[in-house]
Every structure is written in C-alpha cells, then in structure tokens.
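Structure first, then comments.
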Amino acid sequence: MRAGHAVDVVCCAGYDDSLRPAGRAPLMVDGVRVFVSGTAYRPQMGFARRVVSFLRFMAAALWFVLRRGRGYDVVIASSGPLTLAVPALVGRWLWRVPYVFEAIDVWPDSAIAAGVLKNPVLKWLSFRLEALAYRYAAAIVTCSTGMTERVEEKLGFRSEELGVGEEGGGRREEGGGRREEGGGRREEGGGRKAVVTISNCCDLEMCAPDEAVRRAVRLKYGVREDQTVVLYSGAMGRSNAMADVAGAVAATADDERIVWWFAGDGPERGYCDHGVVAMASVKRYFGRLAKEEVVALVRAADVNVVTFRHEPLFFENSPNKFFDGIAAGVPALFNRSTWLEPWLKAYDCGIVCKGERPGEEMAAALRALAGDPARRRRMGLGARRLAEEVFDRDKLAAAYLAVLLRPRSGRNGECKNGRGVGERVRGACDGEGARRWPGEPPG
C-alpha cells in the first residue's frame, strides 16, 4: 500500500474472533478492505465438517470473483486448502485476471501425509485441481525452500501426466529446461514459470523485545525470574506432534525451574490438559487468544517450542510462531529436522532434536537451557539478529511485490510500476530475475 496499490482481502473469521461478517460491506483494517464471509472454521472440526467449510468458503470467494473480479489487476490464491484455486482459475478464465498461486502447504501432499485425505477419488480430484492451479498461475510462491523443490519437481516430472506447465511454462523436455541461478524461475520449452520462495516473515515492531512487557506478564502469572518459560502456541492437531510435547512436559514435571505455557487449540489439546491440576505450579493453558495476547506471551517466554509430525514432508513447514519468536528474541526448540536448521546454526538461536525419543531429547535441552541463562541470552540475541537480517517483513514484502508486478499472462500482462517502489522491485518488474531468497541459506 505504501507503494500506491489498493489491496482487498476475502477471508473467513477463522481463528480471529475480532473479524465479523458485515454483509457486503468490507471491514477496514490498516487501510485494507477485508470482506469477511460467514463461513465457520475451527481446528477441532472433523474431516467432513472441514470439507463442508472449505466448499462453503470456495463458493463465497467464487461469488465474489464473479461479481467483482473484473476490476482487479492480479489475484493471490493462498492455499491450503486447495479449493481456493477454483475462484482464481475462474477469474483467470472468465476475466483474464492473472493470479499468483501461494502454496502455504503443498496440497494435497500435506493432507495425505497427515492422514486426513484418504479417499482415492478425492485424492485423484485433488491432484488434478493442483495441476490446473500450477498450469494457469502467472507465478507460484512457496514459503520454504523444500516446498519450492517439491513444486518444481511436480512441474518437471509430472508435466507429462498432468499437463502442468503448458501455459506460461511449456512442457519440460529432457535436457531442455534451464533454471536461472538464484532466480527461482524454470525455463521450459520456450516458456517460463516463476517458482519463488518467500517465507513467512517477522514483524520487527510488533514483536520487538520489551523488558517491561516481559516482567509484567511474568509477574501477572507468578513466574519467578529464575524460572524458564517454555511456550507452545498455535494449532494442536494431527500435524503438530503433540505427543512429543506431552513427553517433554512429563519429563520436566519435577523441575520447578521450567514453566510451560500453552496458547492455542485443536483436536489434540488433550495432551496439554493432561496433568494440569497436578502440575498447576509449572503449567498453564491459556486457550485461544487474540494475536496481541499471544505476542505478549512470546515476549515473556524464554524458549519457543515448534513441533511437527515426523513424516518427511513436514520438514518443509514454515510456522508463523517461529518467526514471531525470533522477532521477539526468543530461541526456538524443534522436535525434528527442519529446512530452517542452517539459519538456526549460523545464528546460534535454536536447537533441533533428531533422536528417536524427541520428547526426552527436548526435555534434556530445556533442562540445559534452564541452567544456563547466559546461553539463553546469547541465543536470544542471535534470534533477533536472524529476524532483522533475513526474515524482515519489509524485505520479504518487497520481494513479493516484485512477483505481483510481473504477471506473465492475462489481460494485464504489461508491468505496472507502483509509486515509491524501490529500484530492486522495478528491476524485477522489467524482467530481471528476482532472487529466490533475500538471503541464501548459510553454508
């Protein structure tokens, strides 16, 4: 918006109770028009209810595109769920409005890996919809390097089967493709399809370390200065390996130096509820909180726990809470290997547990950190430095804007330079290869 562009968002309330549908009138949030549908979604929903919710929101977004889509220059279709590709495809076919397909999760792979999508017919339909989404996208944005590699593999090795890459990308011929160094593009059969990694980012202002906030929050919840606060926030579902968290909690239950805070909800929250009464002095469950309240907890925490299932696909996950944590100067503790590990090592701001008993390994790491406040402070400084140097929201937003300003198909194929856009963004719009990543992985 600072570059002179207008932004509209179509969403459902989801996790944010402050968003309420206002009929056809949009809400104004920081200058952005937000159109909120009445679709209900909660992480506790079973498979059937989730499918109904996804289809209802798809229908609402599709109706929006049919009524208003002609007036837009570019659309961002953010997936999952994969059904969000349908309104973008219709806008592309009907109004010739180009869209950028944003893969927050690589669907349907992630749903299959989590054991959520099992029906063979639904799998087949999902893969076909995925192929269409990639085929007609002006560009594809992923939020981790692993996701980019997965999408590029699909574009290359599955193009013969699914027709991926025919429009804007061309079919890949053996030995005929060329990937530009650092450019995040694949040139195939004479055409191009941009696949760019732009991860989740850090709000350096909202999540900035604040000693006054830290002390006030800890005092409010009765935490001593010599205690180590371990925070788990966010979803508590099948993908989040809550059994590993429960194992770490149980293994540190007799250590009063370690205090556990939980903020979030989901079908696996029972792992958090277990033993709350018996461990009331070292464990607190806050439930679902507004973003500002979660940020206050992050600022008061000493360790930020990030967990995912141990299937290979979850190596690619790019969790928001990690980026909030490093912005607040809080080191991270992972229960498994992650694509973020090179940065964790380079900035000495995180611990990755790779053993066969991750719960016990996490507990051992927490006990070591509880006994070494100097190391925690050093890791916290490294975390904040990583946020500033690599994952700064403004830097990544500029990279994303560069992608949006160079749609490669549709009626708006010409580039529209925004007011106040930096030279790096203008250059990308003029056809220079945008960097795959503002800072390449260390090593």
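The values are calculated or read from the model by the stated rules, or taken from the named source; none is laboratory data. In this text, all values refer to a predicted model and were calculated from it rather than measured experimentally. Here the Cβ positions follow ideal geometry from the backbone for every residue, glycine too, while neighbour counts run over all protein chains shown.
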- Task: Please indicate, with yes or no, whether at least one residue in segment 108-119 is touching a Ser or Thr at 6+ places or on another chain (Cβ under 6 Å), closer than 18 Å to PHE47 by Cβ, surrounded by 17 or more Cβ atoms within 10 Å (Cβ to Cβ) and not aromatic (Phe, Trp, Tyr).
- Result: yes
- For segment 17-29, state whether one or more residues are part of a helix (DSSP H, G or I), of a type in the set (Val, Ile, Thr) and either modelled with pLDDT of 75 or more or touching a helix residue (DSSP H, G or I) at 6+ places or on another chain (Cβ under 8 Å) (or both). no
- Would you check if SER78 is of a type in the set (Ser, Thr, Tyr) and not in a helix (DSSP H, G or I)? yes
- Has segment 234-243 got any residue that is in contact with a Gly (Cβ under 6 Å, 6 or more places away or on another chain) and assigned to a strand (DSSP E or B)? yes
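Counting only residues that are crowded, with 20+ Cβ neighbours inside 10 Å and modelled with pLDDT under 90, how many does segment 120-130 have? Steps first, please.
Residues of segment 120-130 crowded, with 20+ Cβ neighbours inside 10 Å: 126, 130.
Those still in the list that are modelled with pLDDT under 90 too: 126.
Looking only at that region, the number is 1.
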- For ALA383, all conditions in the list (1) closer than 25 Å to PHE101 by Cα; (2) in a helix (DSSP H, G or I); (3) at pLDDT 75 or above hold save one; what is the number of the exception? (1)
- Item | Close pairs (6 angstrom Cβ cut-off, 6 or more residues apart or separate chains): within 17 Å of CYS11 (Cβ to Cβ) in segment 39-62, among the hydrophobic types (A, V, I, L, M, F, W, C) and not in a helix (DSSP H, G or I) anywhere | THR39/CYS12; TYR41/CYS12; PRO43/ALA235; PHE57/CYS12; ALA61/VAL10
- Message: Among (1) outside the structural domain of ALA111 (by TED's automatic domain parsing); (2) in contact (Cβ under 8 Å) with a residue 24 or more places away in the chain; (3) of a type in the set (Ser, Thr, Tyr), there is one condition SER337 misses while meeting the rest; what is its number?
- Response: (2)
- Query: Here are some residues: GLU356, GLU360. Which one is assigned to a loop (DSSP other than H, G, I, E, B), in the same structural domain as VAL330 (by TED's automatic domain parsing) and either modelled with pLDDT of 95 or more or within 19 Å of ALA251 (Cβ to Cβ) (or both)?
  - Reply: GLU356
- Message: Just to check your reading of the model, which residue among VAL164, VAL141 is at pLDDT below 90, among the aliphatic types (A, V, I, L, M) and assigned by TED's automatic domain parsing to the domain that holds ASP109?
- Response: VAL164
- So how many residues does segment 298-350 have that are under 25 Å from SER110 (Cβ atoms), among the hydrophobic types (A, V, I, L, M, F, W, C) and outside any helix (DSSP H, G or I)? 8
